[in-house]
Amino acid sequence: MDPIKHVIVLMLENHSFDQMLGFMGLTNPDINGVDHSRFNINPLTGLPVYQLPVTTVSNQLDPGHEFPNAMYQMKSNNGNVVADYSNIYPDATPDQIQEVMGYYPDGTFPALHTLAKNFTVCDNWFGSLPGPTWPNRIFAHTGTSLGHVDMPDSNFNMGGHTYDQTTIFDLLSEKSISWKIYCNGPTQSLVLLNQYQHLFHYSTFDAFEGDCARRESSFPEYVFIEPTYGGLDQNDQHPPSNLMNGDILIGKVYNAIRKNKKLWESSLLVILYDENGGFYDHVSPPATIAPDSHTEVFNFETLGFRTPAVLISPKIGLGVDHTVYDHTSVLKYLCDKWDLDPYMLGRRVPHANSFGHLIKEDNVDASSKSVPVGYLVANESSVSPEFINGLSNGMLKNYFDFSEQESKDFSENFYNMINKT
């Protein structure tokens, strides 16, 4: 019997496995990590750019990671990552070009690296499709992006992006399984139209830390944590924000759970990244199956690039798992665990690999009781007016026929609600 009572997923943004955790392969040959002899050719110079360590934790140039970029980058065994970057930024310096091929050495990110060295690293976890944030995150909630492989033209200028499919949150609600989404600021999951039936399941991240301190039995059974996507407090790790802020978030999440002994003993924390963000990874994406018939633009028979994934629980030991996963593997585990119908989430989820086999009731927990947490670094970026006003001016007016005043009132009430829960 599965001893896990609480599943917590934290999904960050836009980094590859090699870049964030590939260093582990240098000392552990069982982990498929970096190799200093690997390279891409820079077409502007004709010179190789090798897979070497980097130290810059604020990538000022955001690599291309839309669907066309990803499809081009993965040609020749992921051999066009540098070429794509150089095409976008022909004036990039050698150090900036090195950032897309490089990796972060052990200890760069105290929280992430400590947890990776104390629990189970999945070195074959891939994005659900080659492409950007929105479709990958939507796969994580619903098992399909309904054929979308791109981002809207601008934040919440939705165009043809209508997401009215069944979500994992619908299935949990039907079974009276408690769940909550924690977020500070705008939340990407609200592009799913069914979420507007569940608005009282949203709370701030401050509330997460408070909820962790309460009785274990009152904590939600499923939790999805969305980082802050913009502004001075941005901590999603999306370039050009400071990556250390995302590591602080990882540390805060782990430490909050770990402080409550009963909660810790019955929880599984899954740390994921939605997509590789245009950063190099050496493993070619494997084949998969399409989730539905929305294949006009892409056949959805290839996964995205490899992304970091760490499974953290006292019921999971130290190690590496080579099973092929993508974001629908979370859904498969939840469906198996709570007897939910995976076919309600498309065709891929029933066939996805679950990580449930890694959970052992008799595992001996010898992990660290806390991880280092640094201090927030103010980002130079700011939230765009389009993003701040997106909820009222985009989703509500376009899909719910709200007037401008109704949209504004709803957005203000929703903001106040999650900041009081």
Next on the checklist: Looking at Asp281, Asp292, Asp326, can you tell me which residue is farther than 18 Å from Ser16 by Cα, at pLDDT 95 or above, touching a helix residue (DSSP H, G or I) at 6+ places or on another chain (Cβ under 9 Å) and of a type in the set (Asp, Glu)?
Outcome noted: Asp292
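Residues checked against (1) within 23 Å of the chain's Cα centre (by Cα); (2) at pLDDT 95 or above; (3) acidic (Asp, Glu); (4) within 20 Å of Thr167 (Cα to Cα):
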{"residue": "Val330", "(1), (2), (3), (4)": "yes, yes, no, yes"}
{"residue": "Asp336", "(1), (2), (3), (4)": "yes, yes, yes, yes"}
{"residue": "Ala352", "(1), (2), (3), (4)": "yes, yes, no, yes"}
{"residue": "Ser382", "(1), (2), (3), (4)": "yes, no, no, no"}
{"residue": "Glu386", "(1), (2), (3), (4)": "yes, no, yes, no"}
{"residue": "Ser392", "(1), (2), (3), (4)": "no, no, no, no"}
Next on the checklist: Tell me yes or no: at least one residue of region 84-97 is within 25 Å of Ser329 (Cβ to Cβ) and touching a residue at least 40 places away in the same chain (Cβ under 8 Å).
Outcome noted: no
Checklist entry - Looking at Ser173, Ser178, Ser145, which is the one that is over 18 Å from Glu275 (Cβ atoms) and touching a Pro at 6+ places or on another chain (Cβ under 9 Å)? => result Ser178
Checklist entry - Does at least one position in region 228-238 carry a residue that is among the aliphatic types (A, V, I, L, M) and either within 30 Å of Gln60 (Cβ to Cβ) or without any contact (Cβ under 8 Å) to a residue 60 or more places away in the chain (or both)? => result yes
Item to check | Subset of region 1-39 (residues that are of a type outside the set (A, V, I, L, M, F, W, C), under 19 Å from Gly127 (Cβ atoms) and surrounded by fewer than 22 Cβ atoms within 10 Å (Cβ to Cβ)) | outcome: Asn32
Checklist entry - Among the residues of region 18-66, how many are in a helix (DSSP H, G or I) and closer than 25 Å to Ser128 by Cα? => result 8
Checklist outcome for this item: Picking from Asn118, Asn42, Asn77, the residue that is in contact with a Ser or Thr (Cβ under 6 Å, 6 or more places away or on another chain) and exposed (fewer than 15 other Cβ atoms within 10 Å of the Cβ) would be Asn77
Checklist entry - Pairs under 6 Å by beta carbon, first residue touching a residue at least 12 places away in the same chain (Cβ under 8 Å) in region 240-259, partner among the charged types (D, E, K, R) and in a helix (DSSP H, G or I), six or more apart or different chains? => result Ala256/Glu209
Next on the checklist: Residues that are at pLDDT 95 or above, outside any loop (DSSP other than H, G, I, E, B) and surrounded by fewer than 17 Cβ atoms within 10 Å (Cβ to Cβ): does region 132-148 have at least one?
Outcome noted: no
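The values are calculated or read from the model by the stated rules, or taken from the named source; none is laboratory data. Note that this is a predicted model, so its numbers are computed, not measured. Virtual Cβ from ideal backbone geometry, glycine too; neighbours counted across all protein chains shown.
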